[in-house]
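First the structure, in the form of structure tokens, and then the observations on it.
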Amino acid sequence: MRMGSALNIGKLFGIQLRLHFTWFIIFVFLTVLLVSPNWLSPLWWVTGIITCLLFFASVVAHELAHSLVGRANGIPVKSITLFIFGGLAQMAREATRPGAEFKMAIAGPICSLVIGCLFGVLWFFTPGMIEPIAIMLQWLAYINVALAVFNLIPGFPLDGGRVFRSLLWQITSDYQRSTRIATQVGRVVGYLFILGGILIAFLRPFGLNWFTGLWLVFIGWFLENAASASYRQAQWRETLHRFTASQVMTSDCPVVPFNITVSRLVQEYGFVSGRHFFLVADGDKLEGVLTLHNIKSVSQNNWDATQVKEIMTPIDKLKVAHPEQDALSILEQMDEDNINQMPVVSEGRVIGLIARDNLIRFLRIRSEAGI
Ligand SMILES: [Zn+2]
């Protein structure tokens, strides 16, 4: 899942922490909800805001638990984002073994459970605590346990769904099939939430109000969407896994000599063809690659005096693909290194280029053709 419009707020254990704009909505909403029994007391406001911050610190701890266990199992973590429905740790790729996936998935709920118990113990052993603090400790205990329980629902991509997939994967040794089953269960869970939400909104059982119902509908809608996206992604991955680099690459990427100037490059090869990626070669030998980004790093006044070899990314700093490498691992590598293109090299020679948009187009055409 892509998360745009997020604010970087710093790093924790080398992992970027981000706030999605929807987080501010839930933060204000939760604070107001917590303070609502006693609007006019500054003490309630201060306690409410601190409680809300502690809650989100707990959510970060939950995501951090996933991330650190993931990292210990060789899965790099790009960022943790807080948004309206909680937190999301963005991994560069999926686990390669069911055991790793199981540990990574279960770590979050266990962390929430432990935090919930700690707040519960704190509340229990400090009787006579003044009212807002006692109430908020109780709430933090409750909400963390609720977070653990909610996340253990076996619908992918919830943690429970990942646990479920890892078990299926362990039993069947079939990753793709396990993913398809777990994501379909995830969609059913999403629909059940929507249905339950509608029933609660209209029937209002057990003193629940229409708002709770509406909230459940939203969560269900979000879960169904996320599960469908994961299902499609699983299908794409399956498709890419069946193809090699040489089958999905484009072999007509422009090659430019390494000793021409930037102004010659722009005039003769550049924007005319609409390319934004060049291979830079000395005769037959690949020296590096050049992107629009490299060209922009030189001011126009210096274009005449600068050769492309001075601004290109040299070959030794470049990730290259092998013709027989499967397309899925290439896409994962791109995600991991945050790059959009990879040259395909055979015996020291570039035979083609794989760009991220090519892979996406390749998948779209296949899915439209129903292949
Ligand atoms: Zn989780």
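Things to note:
- With at most 11 neighbouring Cβ atoms within 10 Å, loop GluC sites (Glu not before Pro) (DSSP) excluded, longest segment of the chain: 1-323
- Three-way shape label, the stretch 168-267, alpha-carbon gyration tensor, a/c 1.5: oblate
- Computed over the Cα atoms of the chain, the ratio of the radius of gyration to the Kirkwood radius (Rg/Rh) comes to 1.07.
- Global form of the stretch 218-371, assessed from the alpha-carbon gyration tensor, a/c cut-off 1.5: prolate
- Cα-based shape type of the stretch 78-137, given that a ≥ b ≥ c are square roots of the gyration tensor eigenvalues and the cut on a/c is 1.5: oblate
- Normalising the average separation of contacting C-alpha pairs (under 8 angstrom, six or more residues apart) by the number of residues puts the relative contact order of the chain at 11 percent.
- Considering all C-alpha pairs of the stretch 1-140, those separated by over 28 Å amount to 27%.
- Sorted largest first, extent of the stretch 256-335 alpha carbons per principal axis (Å): 42, 24, 22
- Dimensions of the stretch 295-371 along the principal axes, based on C-alpha atoms and rounded to the nearest Å, stand at 51, 29, 22, largest first.
- Efficiency of FRET from Cβ geometry, Glu347 and Asn73, R₀ 41 Å, rounded to 0.05: 0.75
- Exposed loop sites here are chymotrypsin sites (Phe, Trp or Tyr not before Pro) assigned a DSSP state other than H, G, I, E or B and surrounded by at most 14 other beta carbons within 10 Å; excluding them, the longest clear run of the chain is 126-371.
- Gaussian network model of the chain, springs between alpha carbon atoms under 10 Å - residue of Ile75, Ile260, Ile330 with greatest fluctuation: Ile260
- Nitroxide proxy distance, nm - points 7 Å out along Cα→Cβ at Thr172 and Gln247: 2.2 nm
- The Cα-based radius of gyration of the stretch 214-265, divided by its Kirkwood radius, gives an Rg/Rh of 1.41.
- For the stretch 169-214, alpha-carbon Rg over 2.2 N^0.38 Å: 1.72
- Most mobile listed residue (His293, His241, His20) in the chain, GNM with C-alpha springs under 10 Å: His293
- In summary, the lysines within cross-link reach of Lys317, defined as a Cα separation below 25 angstrom excluding same-chain residues under 8 places away, comprise Lys78, Lys285, Lys296, Lys309.
- Extension reserve of the Val32-Gln184 stretch, reckoned as 0.36 nm per residue once the Cα distance is removed: 51.1 nm
- Computed from the C-beta positions of Ser299 and Gln16 and an R0 of 30 Å, the FRET efficiency is 0.45 to the nearest 0.05.
- Förster radius 41 Å - calculated FRET efficiency between Asp316 and Leu208, Cβ distance, rounded to 0.05: 0.05
- Listed residues Pro157, Pro343, Pro127, most fluctuating in the chain (Gaussian network, C-alpha, under 10 Å): Pro127
- Sorted by Cβ density within 10 Å, fewest first, the residues Asp304, Asp335, Asp316: Asp316, Asp304, Asp335
- Estimated from helical segments only, the mean residue ellipticity of the chain at 222 nm is -18500 deg cm²/dmol, where each DSSP H run of four or more residues counts as -39500 (n - 2.57).
- Per-selection Kirkwood Rh - the stretch 119-193 (Cα, Å, 1 d.p.): 14.3 Å
FYI, it's all coordinate maths here, none of it is from the lab. Just so it is clear, the model here is predicted, and its values are computed rather than measured. In this analysis, Cβ positions are derived from the backbone assuming ideal geometry, glycine residues included, and neighbour counts consider all displayed protein chains.
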